[in-house]
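The values are calculated or read from the model by the stated rules, or taken from the named source; none is laboratory data. Owing to the predicted nature of the structure, the values given are computational and were not obtained by experimental measurement. When we count neighbours, we look across all protein chains shown, and the Cβ atoms used for this are built from the backbone with ideal geometry, even at glycine.
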Amino acid sequence: MPNFNHHIHIQEAVLTREEKAILRVRLRTHMREEQSFSASAQFSLASFFYSLRVVALGFASVVFVTGGISYAAERALPGDMLYTVKIEVNERLRGWTAISQEAQAEWSIAQTGRRLEEVERLVVGGSGLDDATRDQMVSQVEKSANEAGKAIAELKTERIEVAAGTNSRLESSLRIHERALMQVAEEREDLSSQIHVILETVRRKAASVSEIRQEIEKEIDAKDSSGSDGKDIEATTTDISVDKKLQESATTTAL
């Protein structure tokens with residue numbers, strides 16, 4: 001016998017028109033939500049990369065601008081707007097990188113030369129040399145030369161030969177700028193009195209450095225002489241020992 005109950009159950013499981021309408025609405029709503037979430041995710045990812053790009057461009061701009069200012073400041077002279085950047089930023093950064101005693105001494109020598117070059121440029125083609133600038137240059141030359149001398153003195157205790165070479169470079173730099181300032185003083189008679197104040201400072205520092213060089217050279221000579229005497233004594237002792245052994249050998253052979 002046919003199973004009419006099963007057929008009736010299947011017919012009853014068919015969706016009505018209203019249920020189909022409700023299901024379509026829910027399906028469309030779900031699809032719109034999925035599309036909205038996907039678009040939102042894409043927008044968030046795009047926003048992240050855009051923000052990252054903006055930050056990178058901003059950082060690059062800061063580096064470019066700062067680097068440009070730092071480079072331009074290297075040609076600045078006392079009284080220029082960028083001179084403070086040259087002294088307080090550029091030179092401080094370079095000073096921080098000078099870690100060893102030798103590097104510190106070399107940097108102080110370079111600073112001394114930089115200050116004296118600025119004086120020469122001011123006098124030859126710059127704005128001139130007033131009392132305030134003159135005193136500023138004298139103070140800075142003395143400071144950098146003293147720092148170089150201090151670093152050389154500390155270096156001498158461990159590496160006296162290196163200290164001798166570094167001290168000689170400081171003396172050479174001072175002597176070169178001494179001659180340059182003498183020539184400039186002759187050409188600029190209107191600023192001769194101002195230049196001579198700085199010139200006397202350079203001469204005094206050069207003389208002091210020269211005395212230190214002579215002392216270091218004497219210490220090196222004494223050290224070399226002491227080492228040579230020790231070697232001579234050792235060689236003499238060795239010769240005596242060899243002669244004694246030869247005599248002993250000869251006596252043994254004769255017996």
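Things to note:
- Taking first residues from segment 109-120 that are in contact (Cβ under 8 Å) with a residue 24 or more places away in the chain and partners that are of a type in the set (Lys, Arg), the Cβ contacts under 7 Å between residues at least 6 apart in sequence or on separate chains come to ILE109/ARG169.
- Within the set LEU52, LEU93, LEU122, the sole residue that is modelled with pLDDT of 85 or more and farther than 25 Å from LYS205 by Cβ turns out to be LEU93.
- Failed condition for MET81, given (1) surrounded by 14 or more Cβ atoms within 10 Å (Cβ to Cβ); (2) not in a helix (DSSP H, G or I): (1)
- Residues in segment 192-210 that are touching a residue at least 60 places away in the same chain (Cβ under 8 Å), buried (at least 18 other Cβ atoms within 10 Å of the Cβ) and farther than 10 Å from LEU116 by Cβ: GLN194, ILE195, LYS205, VAL209.
- Note on segment 55-90: among residues that are within 30 Å of ASP130 (Cα to Cα), polar (S, T, N, Q) and out of contact with any Asp or Glu (no Cβ under 7 Å at 6 or more places or on another chain), the one that is modelled with the lowest pLDDT is SER70.
- Breaking point among (1) hydroxyl-bearing (Ser, Thr, Tyr); (2) at pLDDT below 90; (3) over 26 Å from ARG121 (Cβ atoms); (4) more than 28 Å from the chain's Cα centre (by Cα), for SER210: (2)
- VAL124 vs. criteria farther than 19 Å from GLU171 by Cβ and over 21 Å from the mean Cα position of the chain (by Cα): yes
Here's the yes/no breakdown for (1) under 27 Å from the mean Cα position of the chain (by Cα); (2) surrounded by 14 or more Cβ atoms within 10 Å (Cβ to Cβ); (3) touching a residue at least 40 places away in the same chain (Cβ under 8 Å):
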{"site": "ALA132", "(1), (2), (3)": "no, no, no"}
{"site": "GLN136", "(1), (2), (3)": "yes, yes, yes"}
{"site": "SER139", "(1), (2), (3)": "yes, no, no"}
{"site": "ILE152", "(1), (2), (3)": "yes, yes, yes"}
{"site": "ALA163", "(1), (2), (3)": "yes, yes, yes"}
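- Within segment 174-191, considering residues that are under 30 Å from ALA153 (Cα atoms) and in contact (Cβ under 8 Å) with a residue 24 or more places away in the chain, the one surrounded by the fewest Cβ atoms within 10 Å (Cβ to Cβ): ARG175
- In segment 95-108, residue farthest from VAL184 (Cα to Cα) [restricted to those that are in contact (Cβ under 8 Å) with a residue 12 or more places away in the chain and not charged (D, E, K, R)]: GLN101
- Selection status of ARG159, touching a residue at least 24 places away in the same chain (Cβ under 8 Å), surrounded by fewer than 19 Cβ atoms within 10 Å (Cβ to Cβ), of a type in the set (D, E, K, R) and over 26 Å from ALA98 (Cα atoms): no
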